[in-house]
Amino acid sequence: FATIIRNLFTRCLFISTQVPVARYTMSTVPTDDQSTIKRPRNEKCYAIFEKLGSPKYGVAPMVDASELPFRMLCRKYGATMAWTPMFHSRLFAEQKKYREKIFTTCPEDRPLAVQFCANDPAILLQAAKLVEDQCDAIDINLGCPQHIARRGNYGAFLGEQWDIVKSLIEVLVQNIKIPVFCKIRILDTHERTIEYAKMIEAAGCSLLTVHGRTKEQKGHNQGVANLEWIRDIKNALSIPVLSNGNIRTYEEAQEALRITQADGVMAACGLLVNPALFSGLEIAPCDIALEYLDFSRKYPVEYHMVRAHLYKYLNNLFRVHTDLRDALHKARGIEDCQKIVEELRARVESSTKEQIQEEIDGAISAHKEKRKKEKETCAVAPEEPGANIDSLF
């Protein structure tokens, strides 16, 4: 019954705006033979982009990671726009507790895009309406490659369901008062990727972020992002395009801008390790961690997020100071974390950068050697002398 009501609601939306839903397939999307020749820009979309300050450096949407204190820390060090974590549109629309738990912002947290995953236009619209007065754009997640996205039929797994993607964009564009952005991954072929991006633009998207990897490129099979394809998408569209992927340092951000000729870049994992990435400054990890703790006090979030960020910032130092890593694992609150980070800073502040790096390199080498021996031990059959039976299970 609920599905029937949602479908009727969606149909009414289309009728009220007198815009029929065209059926899009990969072969029917309008395209040029010279799809990668740069097109004139869409002045309306660029006016929106300029109103936001022409943001060049974006904080990517990251589940349990791009929360308010992290966004504010990144803004302090050069980020010019930020995206919330991906929110589940149905849960956000239906559950007040979910909304209150997962979404926090403040007046200084702008420009801000709120990102949703969805496959139902009516539900996506309900969710978007709840936040359109608290952000500058709604971003549709069309790039999540994880198994949960496959199971829920959203994210990158909508890349073969263009009707749904088109409907999601059109319903929002026609019924909310702020712009609609999208974030995608590249598809299997260059031609299909260009056509997909053009379809998204034609549906009303005002800004497109392109992650230069396919949905299969994840985890240990991540590989390198294809910046050349992002450049071709940028040339094929008339709306602002952001490049995502291969950005771990300030220098790599500049290189991505040079190669893709995009209007800006978006970073994810690089910022998790170094929130000051976009500034080009070298901030000591312990100092970054203490600043993040200050923001976490000012803008409280769930504690597991706080601790996860500290592990990222301090990972290399923890390779040497393993006792403090274990202490952080047992910590029960921000004040416990504060003491651990201060102790870690006291240990390393008398050492030079070179000495610290030498200790880290030594710890990494020792860990690799240990892992090598463990693998050799595991290869021994259990019945042979010296076999480590526990490691086989």
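The values are calculated or read from the model by the stated rules, or taken from the named source; none is laboratory data. Computed from a prediction, not measured in an experiment: that's the story for all the values here. All Cβ positions, even for glycine, are placed from backbone atoms using ideal geometry, and neighbour counts span all protein chains on display. Please note that ligands, DNA and RNA were not included when accessible areas were found on the heavy atoms of the full protein model with its side chains. Shrake-Rupley method; radii C 1.70, N 1.55, O 1.52, S 1.80 Å.
Roughly how many nanometres apart are two label points built 7 Å out from the Cα toward the Cβ at Lys372 and Asn42?
Inter-label distance under the simple model: 5.4 nm.
Can you tell me the FRET efficiency between Ala202 and Lys177 if r is taken as the Cβ-Cβ distance and R0 is 22 Å, rounded to the nearest 0.05?
With R0 = 22 Å, the Cβ-Cβ based efficiency is 0.55.
Among residues other than Ala366 whose Cβ falls under 12 Å from its Cβ, what is the net charge (Lys/Arg +1, Asp/Glu -1)?
+3
Once the piece of chain linking Glu50 and Asn315 is laid out straight, how much longer is it, given 0.36 nm per residue of separation minus the C-alpha distance between them?
Working it through step by step, the gained length comes to 91.6 nm.
With a 1.4 Å probe and all protein chains kept in place, how do Leu257, Leu168, Leu281 rank by accessible area, largest first?
The ordering from most to least exposed comes out as Leu281, Leu257, Leu168.
Per residue, how much accessible area does the chain show when a 1.4 Å probe rolls over the protein heavy atoms, in square angstrom?
Per residue, the chain has 50 Å² of solvent-accessible surface.
Suppose every Lys and Arg Cβ carries +1 and every Asp and Glu Cβ carries -1, with no other charges. What dipole size does the chain come out with about its Cα centre, to the nearest 20 debye?
Result for the chain is approximately 1000 debye, rounded to the nearest 20.
Once ligands and nucleic acids are excluded and a 1.4 Å probe is used, how much of Arg110 is accessible, expressed in Å² to the nearest 10?
Number for this one is 100 Å².
What nm value, rounded to one decimal, do you get for the distance between Lys101 and Thr189 when each label is placed 7 Å out toward the C-beta?
Between Lys101 and Thr189, the simple spin-label model gives 4.4 nm.
Tell me, how many Å apart are the Cα centres for the range 306-320 and for the range 133-165?
Cα centres, the range 306-320 to the range 133-165: 31 Å.
In a shell of Cβ-Cβ distance under 13 Å around Gln357, excluding Gln357 itself, what net charge do Lys and Arg (+1) and Asp and Glu (-1) give?
Net of charged neighbours comes to -3.
Quote the accessible area belonging to His304 in square angstrom, nearest 10, computed with a 1.4 Å probe and with ligands, DNA and RNA left uncounted.
Per-residue accessible area (His304): approximately 90 Å².
Just to verify a number: FRET efficiency for Glu349 and Glu282, C-beta to C-beta distance, R0 = 25 Å, to 0.05?
Values: r = 15 Å, r/R0 = 0.59.
Taking R0 as 25 Å, the efficiency between Glu349 and Glu282 is 0.95.
Lys/Arg Cβ at +1, Asp/Glu Cβ at -1, dipole of the chain taken about the Cα centre: which of Val114, His329, Asn316 is farthest positive-ward?
Value computed over the given set: Val114.
On the accessible surface of the chain, probed at 1.4 Å, how many percent belong to carbon and sulfur atoms?
Carbon and sulfur: 52 percent of the exposed surface of the chain.
Apply the Karplus parameterisation 6.51 cos²θ - 1.76 cosθ + 1.60, with θ equal to phi minus 60°, to every residue of the range 317-328 and state each ³J(HN,Hα) to the nearest whole Hz, in sequence, with x for glycine and proline.
5, 5, 5, 8, 9, 5, 5, 6, 4, 5, 5, 5
Which of the pairs Lys97/Lys198; Lys56/Lys177; Lys76/Lys97; Lys298/Lys370; Lys177/Lys312 have their Cα atoms more than 32 Å apart in this structure?
From the list (Lys97/Lys198; Lys56/Lys177; Lys76/Lys97; Lys298/Lys370; Lys177/Lys312), the Cα-Cα distance tops 32 Å for Lys97/Lys198; Lys298/Lys370; Lys177/Lys312.
So what does His88 come to for accessible area, using a 1.4 Å probe and Å² rounded to 10?
Accessible area, nearest 10 Å²: 60 Å².
What FRET efficiency comes out for the pair Asp361/Asp133, r = Cβ-Cβ distance, R0 = 51 Å, nearest 0.05?
Step by step, r from the Cβ atoms, then E = 0.50.
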